[in-house]
There are 2 protein chains.
Amino acid sequence: MKLEMICTGEEVLAGQIVDTNAAWFASTMMEQGIECQRRVTVGDRLEDLVAVFQERSNEADIILVNGGLGPTSDDLSSEAMALAKGESLIENREWKERLEAWFARNGRVMAVSNLKQALLPESAIMIDNPVGTACGFAVKLNRAWLFFTPGVPFEFKQMVKEQFISFVKQHFDIDGDVSLRKYLTLGRGESSLADELEKIELPKGMTIGYRSSMPHIEIKLFARGYLAISQLDKIEAQIRFLLGNAIVADEKVSLAAEIHELMLSAGLSLSVAESCTGGMIASQLIDFSGSSSYLHHGLVTYSNESKVKVLGVKPETLDDHGAVSIATVEEMAKGARAILDSDFALATSGIAGPTGGTEDKPVGTVAIALATKGAVYSQMIKLPRRSRDLVRSLSTAVAFDMLRRELLGEAVIVDYESIGRFKK
Amino acid sequence: MKLEMICTGEEVLAGQIVDTNAAWFASTMMEQGIECQRRVTVGDRLEDLVAVFQERSNEADIILVNGGLGPTSDDLSSEAMALAKGESLIENREWKERLEAWFARNGRVMAVSNLKQALLPESAIMIDNPVGTACGFAVKLNRAWLFFTPGVPFEFKQMVKEQFISFVKQHFDIDGDVSLRKYLTLGRGESSLADELEKIELPKGMTIGYRSSMPHIEIKLFARGYLAISQLDKIEAQIRFLLGNAIVADEKVSLAAEIHELMLSAGLSLSVAESCTGGMIASQLIDFSGSSSYLHHGLVTYSNESKVKVLGVKPETLDDHGAVSIATVEEMAKGARAILDSDFALATSGIAGPTGGTEDKPVGTVAIALATKGAVYSQMIKLPRRSRDLVRSLSTAVAFDMLRRELLGEAVIVDYESIGRFKK
């Protein structure tokens, strides 16, 4: 079974939009054990669309087409498909009624242009879209099924997950017996991880993949078939043994997601005082609905005055040790925790760059502290100075990892292979 | 002249990497007045590469090929091109010497696998890569020139800017006389903007494009040729007249960039107190190096206790009006400003959702205030409740726009077409 994707739309072709739908689609299908073998991106010219539908329908078995189902004049997917197949467009009564009901329900008048969205090629099978005005449809041409989906990411993803995957399984014989495990790592490069894990002898049907998602590398352990799946626990144990502290979360897209879940289930509270991370710690938690139940406040105390006035850092600490120091960051954490007597507080202070570094404390120097009701843990780390954003996101990740380890009752401060540390 | 792009690599096809090279390339060429007409993404299978080179070389005049020039066994672009053209690979002596010198200069031993990077198809023209070990090359096949570039974004971009564009101009007759202006808009949908600007009669050679970059829509005014370029000022004036307050910045990627520049040149200071925006206001400013010179602090006071203790909001204000209210947000702004006597303070408090809404104050209700040394401006707006992230990013943009207008001496509070407002 040969799967391909056709992405349509001037804005995708012209680079005005980075095509995240395409990457998401390929990766989602891969998790089903189905590989996307080619992707063609074309603009909104009718003749280009017709040509690409005809051409690829001779090569692939199933083609996911994305975009071009909207109401405006440059939405041409339906018309192009009808032309490619040599049939006419006809009004799909069911979808027309759904459209009218949709607009009535939202108290809006339906523009005439929306009627276009109910026009499908004669032989098309209509595919429901419960969350938008563009229905999908599928047409058989030459060797291939072409399956049309809307460009709006939210609608597209729902249609792929709820309709496309079952459509594929219904029409083709897919060995659906696959399993995927994901591990989030911190503080170790992709080639170093790969070198380490090469020592493991993988059973047939199992592969290890890597995905860079800064500041993390995600490891994907993929098994196809009963035999490989039955070995997953054993191989996972080997991976954990070899990587140790580098694995910081399972089946999570970020450490913030892990912290959010741990804090919710622990029922404890957190305050954050940030300097160089500039709100990134708080912001990554606030991305999750429900974070208000444990996050007391996130204080970005950028200036020294603010560290003194808001957090109660002593002026002489700043004078004697500087803003980027173990002493300052410990007082920041203690101060932030004390304001509302939170269970925990995280604090950061560092030099994100590109300017502001000194010989003693170059760009990439970051002090991080975790205050609990009974103790303060702190470290000053040396991060690669590749970019301001990387320094901030790595600092955020290390701070989260300190809190994560505390919540799990593990040693708060550990070594990461690619992150240096200043001696106290 | 028909330009196409071929992207190679399993990791791009499989969605492990979002193909930002492709978007950057199309957009860069567009600014040169050259449109990329099709993009094909294929994996690392030799037969797929050979097929796509042969097939597209009959359709396009020039094809930018990206990736597959590395030293490992899955880098097959050079070999595939030689096969497609029916010629052999030969060692390029110049590049071999450059490679050896490169490794010597970096004090490293060259691996045998790197020698592969000097093997080019017999008829290839070598293209220099001053920043990496993979040289580019160009081969003529059928109708097309195929121009091969490395996948590493940094090397790729340099080769496109410094060699590819001049290669195209040398081989094809390009009218390079183009000019592009960009306007950032807020509070008006793409179709509404397009309907409004359809009233303008554009001279030949001028086009208006739209790019959604939530919470903004960016308008691109593109002119090709002397005549169109000479009309740009006139058309821009018409756009400004028709769109009024909707245009919030010129030639900027975000309102934060505009605020950063304005605050730096004004030499004034800012404090931020955020609730529903959760650090987004401060964080977007801190993305810019140098923001520490004007940003005193960004206080994410998520809990009521924190609003009272850190910002000095009166408990009775919270009791009488609630956390999401004009009264509370004004006290938040005044309190945040007073701590360090900043010139300005911005404050937000709202319901980002998806839960937490009430009948009076549904999800999407956000109160925003700007405090100056002499006044407080505030409004409570109703935002579309499509997603938590959209509510937060629109609130951030409106807050920035209030400050921007104050800095420019304009009315602080204005109407935006798609954003409602509660009466005081």
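The 3J(HN,Hα) values that the Karplus relation (6.51, -1.76, 1.60; θ = phi - 60°) gives for the range B:364-371 are, in residue order, x, 7, 9, 9, 10, 9, 10, 9 Hz. Gly and Pro appear as x. Run the label-point distances for B:MET214 please: 7 Å along Cα to Cβ, every other copy, nanometres, shortest first. Result for B:MET214, in nm, nearest copy first: 2.4. So if R0 is 51 Å, what FRET efficiency would A:MET214 and A:ALA338 give, r being the distance between their Cβ atoms, rounded to the nearest 0.05? With R0 = 51 Å, the Cβ-Cβ based efficiency is 0.90.
Between A:GLU91 and B:SER166, the modelled labels are 6.0 nm apart [label points 7 Å from Cα along Cα→Cβ]. Candidates A:PHE137, A:PRO71, A:ALA82 compared by Cα position along the dipole of the range A:1-155: farthest toward the positive end lies A:PHE137, with charges placed on Cβ. Label-point distances for A:PRO354 to the equivalent site in the other copies, using a point 7 angstrom along Cα→C-beta, read 4.2 nm when ranked shortest first.
Using a 1.4 Å probe over protein heavy atoms, the accessible area lost on pairing A with B, summed over both chains, comes to approximately 4700 Å².
How big is the C-alpha Rg of the range B:43-106 next to the rule-of-thumb value 2.2 N^0.38 Å, as a ratio?
Working: Rg = 14.1 Å, N = 64, 2.2 N^0.38 = 10.7 Å.
Taking N as the residue count of the range B:43-106, the ratio is 1.32.
Given axes a ≥ b ≥ c from the Cα gyration tensor, I'd like to know whether chain B is rounded (a/c under 1.5), prolate (a/b larger than b/c) or oblate.
Working: a/c = 2.69, a/b = 2.00, b/c = 1.35.
Taking the square roots of the gyration eigenvalues as a ≥ b ≥ c, chain B is prolate.
Calculate the FRET efficiency for B:LYS373 and A:LEU46 from the Cβ-Cβ distance with a Förster distance of 51 Å, rounded to the nearest 0.05. The partial results should precede the final answer.
Details: r = 60 Å, r/R0 = 1.17.
Computed FRET efficiency for B:LYS373 and A:LEU46: 0.30.
The H on the amide N of B:LEU119, modeled in the peptide plane, is under 5 Å from the matching H of B:ASN92, each at least 5 residues off or on a different chain.
A Cβ-based charge dipole, computed about the Cα centre of the range A:55-210 with Lys and Arg at +1 and Asp and Glu at -1, lands at about 400 debye.
With the cut-off at 1.5 for a/c, could you classify the range B:161-318 from its C-alpha gyration tensor as rounded, prolate or oblate? Taking the square roots of the gyration eigenvalues as a ≥ b ≥ c, the range B:161-318 is prolate. A P(r) calculated from all alpha carbon pairs of the range A:192-285, with 10 Å bins opening at zero, reads 13, 37, 28, 17, 6, 0 percent.
Give me the percent of Cα-Cα pairs in the range B:255-421 that sit more than 26 Å apart, rounded to a whole number. Mind showing how you got there, number by number?
Details: 2732 of 13861 pairs.
When all Cα pairs of the range B:255-421 are counted, 20 percent exceed 26 Å.
Checking every one of the GluC sites (Glu not before Pro) in the range A:322-399 against DSSP loop status and a limit of 15 other Cβ atoms within 10 Å picks out A:GLU359. What the pair-distance distribution of the protein assembly as shown shows, using all Cα-Cα distances binned every 20 Å from zero, is 14, 42, 38, 6, 0 percent. Among the protein heavy atoms of chain B, carbon and sulfur supply 49% of the accessible surface, probe 1.4 Å, non-protein parts ignored. Taking GluC sites (Glu not before Pro) across the range B:188-230, the ones in a DSSP loop with at most 11 further Cβ atoms lying within 10 angstrom of their Cβ are B:GLU198, B:GLU201. Applied to the range B:297-302, the Karplus parametrisation 6.51 cos²θ - 1.76 cosθ + 1.60 on θ = phi - 60° returns per-residue 3J(HN,Hα) values of 6, x, 10, 8, 9, 7 Hz, with x for Gly and Pro. One decimal place: the segment A:LEU227-A:ALA194 gains 9.5 nm when fully extended, by the rule 0.36 nm per residue minus the C-alpha distance. Add -39500 (n - 2.57) for each DSSP H run of 4 or more in the protein assembly as shown, then divide by its residues: what number comes out at 222 nm, to the nearest 500 deg cm²/dmol? Taking each H run of at least 4 residues, the total per residue is -11000 deg cm²/dmol.
Shielding by partners for peptide A:21-30, expressed as the average number of C-beta atoms from other protein chains within 10 Å of each residue's C-beta, is 4.
Output, in nm with one decimal and in ascending order, the distances from the B:PHE154 label point to the matching label points of the other copies (7 Å from Cα along Cα-to-Cβ). Its label point is 3.9 nm from the equivalent points in the other copies.
I'd like the trypsin sites (Lys or Arg not before Pro) in the range B:182-243 restricted to DSSP loop residues with at most 15 other Cβ atoms within 10 Å, sorted by number. Before the final figure, lay out the partial values.
Values: sites: B:LYS182, B:ARG188, B:LYS199, B:LYS204, B:ARG211, B:LYS220, B:ARG224, B:LYS234, B:ARG240; in loops: B:ARG188, B:LYS199, B:LYS204.
The qualifying sites are B:LYS199, B:LYS204.
Using +1 on the beta carbon of Lys and Arg, -1 on that of Asp and Glu, and nothing else charged, what's the dipole of the range A:1-125 about the Cα centre, debye to 20? Mind dumping the intermediate values first?
Values: 12 positive and 21 negative charges, 75 e Å.
With only Lys, Arg, Asp and Glu charged at Cβ, the dipole is about 360 debye.
A simple spin-label model places the labels of B:ASN106 and A:THR358 3.4 nm from each other, with each point 7 Å out along Cα-to-Cβ.
Legend: calculated FRET efficiency, B:LEU264 to A:THR207, from the Cβ-Cβ distance at R0 = 56 Å, rounded to 0.05, equals 0.65. With 25 Å as the limit, the listed pairs A:LYS314/A:LYS361; A:LYS252/B:LYS309; A:LYS2/A:LYS116; B:LYS307/B:LYS361; B:LYS334/B:LYS382 have A:LYS252/B:LYS309; A:LYS2/A:LYS116 beyond it between alpha carbons. Tell me which residues come under 5 Å, amide H to amide H, from A:TYR210 once H is placed; ignore anything under 5 positions away on its chain. Counting only residues 5 or more places away or on other chains, the set is A:LYS220.
For the range A:255-421, what does the accessible surface come to per residue with a 1.4 Å probe? Please give it in Å².
On the way: 5850 Å² over 167 residues.
Spelled out: the 1.4 Å probe surface of the range A:255-421, per residue, equals 35 Å².
Remark: the range B:60-71, residue by residue, has Karplus-estimated 3J(HN,Hα) of 9, 8, 9, 10, 8, 9, 10, x, x, 10, x, x Hz, where x stands for each Gly or Pro and the curve is 6.51 cos²θ - 1.76 cosθ + 1.60 at θ = phi - 60°. For the range A:3-171, the alpha carbon positions stretch 43, 36, 33 Å along the principal axes, listed from largest to smallest. For the protein assembly as shown, a simple Cβ point-charge model (Lys and Arg +1, Asp and Glu -1, everything else neutral) yields a dipole of about 1180 debye relative to the Cα centre.
The values are calculated or read from the model by the stated rules, or taken from the named source; none is laboratory data. Everything numeric in this text was worked out from a predicted model, so none of it was measured. Positions of Cβ are backbone-derived with ideal geometry, glycine not excepted, and every protein chain shown enters the neighbour counts. Surface areas here come from the heavy atoms of the whole protein model, side chains and all, with no ligands, DNA or RNA. Shrake-Rupley method; radii C 1.70, N 1.55, O 1.52, S 1.80 Å.
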